[in-house]
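> I'd like to ask some things about the structure below.
The values are calculated or read from the model by the stated rules, or taken from the named source; none is laboratory data. Quick caveat, the model's predicted, so the values are computed rather than measured. Neighbour counts are summed over all protein chains in view; Cβ atoms, including those assigned to glycine, are modelled from backbone coordinates with ideal geometry. SASA here: full protein model, heavy atoms, side chains in, ligands and nucleic acids out. Shrake-Rupley method; radii C 1.70, N 1.55, O 1.52, S 1.80 Å.
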Amino acid sequence: MACHTLQNHDHQQENLLPQVLVLEPPPLFKFHEDQLSQKFRFLKAWESPLPLNQFLISHASSIQVLLSSGTCPVTADTLRLLPSLRVLVTTSAGLNHIDLQACRERGIPIASAGSVYSEDVADIAVGLLIDVIRKISASDRYVRQDSWPIKGDSPLGSKLRGRQVGIVGLGNIGLEVAKRLEAFGCNILYNSRKKKPSVIYPYYSNVCELAANCNVLIICCGLSKQTHHLINKEVLSELGKDGVIINVGRGAIIDEQEMVQCLMQGTIAGAGLDVFENEPNVPKELVELDNVVLSPHRAAHTSETLMDLCQLVIGNLEAFFSNKPLLSPVRND
């Protein structure tokens, strides 16, 4: 009887916690769900046998907060089914999964991951670049396949120092990449929506012109209608046969089919990719190329950063429920 009473008490306590809607299981839950569930009651849409629309309609009046991880799109239709929604918190830095205009029209503020991921993503961008030009992964395969004693020395890599590195998107991540590569003796150039007055690096408003003046192009910008397939055949051709492309932004920023052709034909020298157009599916041609280094969209995730992200999510949710300013608000004007 005492045990039953205790269970009822726990259930009552849980019902007193602020409620948060979650459309899909966020990666954060895999590591920190217990910690988050001590403070909030999560309404998990994916656990319901109802179709998503019916599930949202059935809870519409009580849902004020939506926590999104970026894998399930938050569309205008989704928002229409949530008339009581007052804030959207996303665990991603990118916002391409959210209908920003619909949020703006409804006056729904958004909190993102902010700069939590910036250092880790920058580390991977530089790591991919070094790997590609120094052929680290290719050399690793060469040794493991016992090619060294049979074929002799492996092919030479190239020098990093002195490279002309064009960064597409000089936000938090782009600036961290620039800082790291400056230390390696690279020359930094950049493209952004606007020229940044506080930045001394040469600015190119046109991505083709940037590529023509670089032998490395690093994609750090977000995905939007304007940046979809921004890196096309023309840009890749301007980068040239000694050029290397690194993508830690979003897969669809590059025209993947064109990039595959350029890599196979030697139009560019190599690529380091953490993101792809149709994840988790990666073109077979990329897998088979020795001048390409692949990573499974993991640039942003380290155990330390996921802990920082957990604290940021808690902070944003607590700020909303306490009627205080969000910790990492997104400018949406």
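> Just one of the numbered conditions (1) modelled with pLDDT of 95 or more; (2) open to solvent by 10 Å² or more (accessible area, probe 1.4 Å); (3) closer than 25 Å to residue 95 by Cα is not true of residue 222; which one?
Tallying (1) modelled with pLDDT of 95 or more; (2) open to solvent by 10 Å² or more (accessible area, probe 1.4 Å); (3) closer than 25 Å to residue 95 by Cα, residue 222 fails exactly one: (1).
> Also, I was wondering about something else. Residues of region 90-115 being within 14 Å of residue 77 (Cβ to Cβ) and of a type in the set (A, V, I, L, M), which ones?
Taking region 90-115 first, the residues within 14 Å of residue 77 (Cβ to Cβ) are 97-99, 101-103, 105-106.
Within region 90-115, 98, 102 qualify.
> Also: What are the residue pairs meeting all of these: first residue in region 48-76, first residue without any contact (Cβ under 8 Å) to a residue 24 or more places away in the chain, second residue among the hydroxyl-bearing types (Ser, Thr, Tyr), Cβ atoms under 6 Å, and 6 or more apart or on different chains?
So the pair list comes out as 55/48; 61/84.
> Please specify each residue of region 235-248 satisfying the condition of being out of contact with any Asp or Glu (no Cβ under 9 Å at 6 or more places or on another chain) and either open to solvent by 50 Å² or more (accessible area, probe 1.4 Å) or closer than 16 Å to residue 294 by Cα (or both).
Hits for region 235-248 are 237, 241, 242, 244, 245.
> With a cut-off of at least 1 residues that are open to solvent by 80 Å² or more (accessible area, probe 1.4 Å) and among the β-branched types (Val, Ile, Thr), name the helices (runs of 4 or more DSSP H) lying wholly within region 109-190.
Counting at least 1 such residues, we get 136-144, 147-151.
> Counting just the residues of region 193-220 that are over 21 Å from residue 160 (Cα atoms) and among the small types (Gly, Ala, Ser), which one comes out farthest from the chain's Cα centre (by Cα)?
In this case the residue turns out to be 198.
> Additional query: When you look at residue 195, is it touching a strand residue (DSSP E or B) at 6+ places or on another chain (Cβ under 6 Å), of a type outside the set (Asp, Glu) and either in contact (Cβ under 8 Å) with a residue 24 or more places away in the chain or assigned to a loop (DSSP other than H, G, I, E, B) (or both), yes or no?
So residue 195 fits the description; yes.
> Hey, another quick one. Restricting attention to region 286-303, and to residues there that are in contact (Cβ under 8 Å) with a residue 12 or more places away in the chain and loosely packed, with under 14 Cβ neighbours inside 10 Å, which single residue is nearest to the chain's Cα centre (by Cα)?
298
> Yes or no: residue 162 within 30 Å of residue 87 (Cβ to Cβ), touching a strand residue (DSSP E or B) at 6+ places or on another chain (Cβ under 8 Å) and of a type outside the set (Lys, Arg)?
When the stated conditions are applied, residue 162 does not pass them.
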